[in-house]
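J.: Shown below is the structure under consideration.
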Amino acid sequence: MQTNLADFIRDTQEGQEADAILRKCVHCGFCTATCPTYQLLGDELDGPRGRIYLIKQVLEGKPATEKTQLHLDRCLTCRNCESTCPSGVNYGRLVDIGRGIVEKQVKRPFAQQLIRTALREILPRKQVFEPAMKLGQAVRPLLPRALQNKVPEARNPGRWPERVHARKMLLLDGCVQPAMSPNINAATARVLDALGVQLIVAPRAGCCGAIRYHLNDQDGGLDDMRSLCRARRENFCANQGSV
Ligand code: SF4
Ligand code: SF4
């Protein structure tokens, strides 16, 4: 695909990266076949090819609009589209760059800003999210149906194996999942135990950064990723290299 990036981005690192990605795309549309949002909504702009085109327009200087933002917001960043792209287009990176730029150009309505800030600040903080989820589960029967659907019933995590194995694996506990579905990590630990591998939870690992990053707080997401790497390193040292 031919590109002609605007002055504001052309000579930046992100601009050069985006330009190289865009130039690989031949607009064949194979990727739309594996895009869940395209399958669901049937709109070209809710598929990878359409989104690539929207990002290209913004990078070439066309001002982003609320519509541009909406179609980029709807992308799940699942990167399934990359699996069917014959040209190896790194869509995931391109959409991150595009979203960052669109976020600076399009001001979100106040209510949306409020929700996004709440999600960004509450979800990655396990010490806040976990009690909030417990409270939600306790009053679940009294909640309106729309809210009930968002609060899963409380689950018993099940037994965590106590056997010690020479082979160990480090588990990043995560932020949201242990509160919503504590049974998943415990079940993983039991499966690995049966295979002779001990699962160890990395203390203080926190959020992997995906929540903030995908809510377009890219700096906050990167900070979370750095903390995670530090926790991972500390844990590795504490286990004397056995993990
Ligand atoms: S499959 Fe790849 S090359 Fe074809 S339109 Fe999609 S991203 Fe572009
Ligand atoms: S990342 Fe997922 S949702 Fe987004 S365009 Fe690709 S396949 Fe579709």
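The values are calculated or read from the model by the stated rules, or taken from the named source; none is laboratory data. Note that the structure is a prediction, hence the values are computed from the model and not measured. Cβ coordinates were reconstructed from backbone atoms using ideal geometry, including for glycine residues, and neighbour counts include every protein chain displayed. When the accessible area is computed, the model is the full protein with side chains, heavy atoms only, and any ligands, DNA or RNA have been set aside. Shrake-Rupley method; radii C 1.70, N 1.55, O 1.52, S 1.80 Å.
J.: If one computes P(r) from the Cα atoms of the chain, what percent of pairs lie at distances over 30 Å?
T.: Summing the P(r) tail past 30 Å for the chain gives 43 percent.
J.: With every protein chain left in place and a probe of 1.4 Å, what is the accessible surface of K62, to the nearest 10 Å²?
T.: 110 Å²
J.: What residues qualify as long-range amide H neighbours of L170, i.e. H under 5 Å apart, gap of 5 or more or another chain, H built at 1.01 Å from N?
T.: I200
J.: Oh, and also: Determine the gain in length on full extension of the stretch R226-Q13; use 0.36 nm per residue of separation and subtract their C-alpha separation, reporting nm with one decimal.
T.: The R226-Q13 span can extend by a further 74.6 nm.
J.: Angle check, please: helix 218-238 long axis (alpha carbons) against the longest principal axis of the chain (alpha carbons), in degrees 0 to 90, nearest 10.
T.: In the chain, helix 218-238 runs at an angle near 30 degrees to the longest axis.
J.: Quick check for me: using +1 on Lys/Arg Cβ and -1 on Asp/Glu Cβ, what's the dipole size of the chain about its Cα centre, in debye to the nearest 20?
T.: 660 debye
J.: While we're looking at this one, here's another question. If you average 1/r over every pair of different alpha-carbon atoms in the range 7-105 and take one over that average, what Kirkwood value in Å do you get?
T.: 13.3 Å
J.: For the range 125-231, build the charge dipole from Cβ charges (+1 Lys, Arg; -1 Asp, Glu) around the Cα centre, then report which of G206, N156, G174 sits farthest towards its positive end.
T.: After comparing all options, I get N156.
J.: Student exercise: in the chain, how many lysine pairs 8 or more apart or on different chains have Cα atoms under 25 Å apart?
T.: The number of close lysine pairs in the chain is 13.
J.: Estimate the FRET efficiency between K24 and R163 by the formula 1/(1 + (r/R0)^6), using the beta-carbon distance for r and 51 Å for R0, to the nearest 0.05.
T.: The calculated FRET efficiency here is 0.55.
J.: Enter the accessible area per residue of the chain (Å², integer; probe 1.4 Å; all protein chains in place).
T.: Heavy-atom accessible area per residue stands at 58 Å².
J.: Filter the GluC sites (Glu not before Pro) in the range 35-131 down to the DSSP loop ones having no more than 15 other Cβ atoms within 10 Å, then list what survives.
T.: Taking the range 35-131 and a limit of 15 other Cβ atoms within 10 Å, the loop GluC sites (Glu not before Pro) found are E60.
J.: Still on this structure, I have one more. Using protein chains only and a probe of 1.4 angstrom, how many square angstrom of F110 are accessible, to the nearest 10?
T.: The value for F110 is about 150 Å².
J.: If you add up the charges near Y38, with Lys and Arg at +1 and Asp and Glu at -1, over every other residue whose beta carbon is less than 13 angstrom from its beta carbon, what do you get?
T.: Result for the local shell: 0.
J.: In the chain, if the dipole is taken from +1 on Lys/Arg beta carbons and -1 on Asp/Glu beta carbons about the Cα centre, which of L195, L94, C81 is farthest to the positive end?
T.: Among L195, L94, C81, the one farthest towards the positive end of the dipole of the chain is L195.
J.: If you take the beta carbon distance between Q148 and S181 as r and set R0 to 22 Å, what does 1/(1 + (r/R0)^6) give as a FRET efficiency, to the nearest 0.05?
T.: Approximately 0.85, to the nearest 0.05.
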